[in-house]
Amino acid sequence: MYEDLSAQREDGPPFDRIPERVSPEMIATLKARYAALPSDYLNYLATVGWGSLGRSSLMIYSGPVTPDEIYGHTPPNLKSVLLVGDDFAGQCVGITSEGAVVIVDAIGRDALAADSFEKYIRSFIAKATGALS
């Protein structure tokens, strides 16, 4: 699924540093703890890894966090969302229980960004790579 991105891990842009892959044991732990996590997200962590992209314009976390870990509580609209990254400027990237990706602003409002993690990350990388060339 992400073999092309995995091959780019050590080539620089769009990756700021070589992403660190998540171990198979940790992937199994994440699956057990968060059953609704989509396979495309877990596959990305295992194949490509976590870290910053696009000259520090996006950080993909090593695993999801709940909204209360960021906001101090879970806003009602984020009850079915796990946060998987941020833009270093107050917006988070979340995955819904249906597998869609949402962007969450600093006060917890969310907006649909893509219907899957793969579509979101590939779109982000395409834009970042275009902006960096």
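The values are calculated or read from the model by the stated rules, or taken from the named source; none is laboratory data. Note that the coordinates shown come from a computational prediction; the quantities given were computed from them, not determined experimentally. Virtual Cβ from ideal backbone geometry, glycine too; neighbours counted across all protein chains shown.
So is VAL65 under 20 Å from THR129 (Cβ atoms), free of Cβ contacts under 8 Å to residues at least 60 places away in the same chain and surrounded by 14 or more Cβ atoms within 10 Å (Cβ to Cβ) or not? No, not satisfied. Scanning region 21-41 turns up at least one residue that is polar (S, T, N, Q) and farther than 20 Å from GLU118 by Cβ. Right, GLU118: closer than 16 Å to LEU37 by Cβ, out of contact with any strand residue (DSSP E or B) (no Cβ under 8 Å at 6 or more places or on another chain) and either surrounded by fewer than 12 Cβ atoms within 10 Å (Cβ to Cβ) or at pLDDT below 95 (or both) or not? For GLU118, the condition - closer than 16 Å to LEU37 by Cβ, out of contact with any strand residue (DSSP E or B) (no Cβ under 8 Å at 6 or more places or on another chain) and either surrounded by fewer than 12 Cβ atoms within 10 Å (Cβ to Cβ) or at pLDDT below 95 (or both) - is not met.
If I ask for residues that are β-branched (Val, Ile, Thr) and either within 14 Å of SER52 (Cβ to Cβ) or surrounded by fewer than 15 Cβ atoms within 10 Å (Cβ to Cβ) (or both), which ones from region 75-91 would you list? Result: VAL84, single match.
Restricting attention to region 52-62, the residues being out of contact with any Pro (no Cβ under 6 Å at 6 or more places or on another chain) and buried (at least 20 other Cβ atoms within 10 Å of the Cβ) number 2. Just wondering, is there one or more residues in region 26-47 that are basic (Lys, Arg) and in contact (Cβ under 8 Å) with a residue 12 or more places away in the chain? No: region 26-47 contains no residue that is basic (Lys, Arg) and in contact (Cβ under 8 Å) with a residue 12 or more places away in the chain. I'm checking my understanding of the structure. Among residues of region 1-51 that are among the small types (Gly, Ala, Ser), assigned to a helix (DSSP H, G or I) and surrounded by fewer than 16 Cβ atoms within 10 Å (Cβ to Cβ), which one is nearest to the chain's Cα centre (by Cα)? Taking the candidates together, the pick is SER39.
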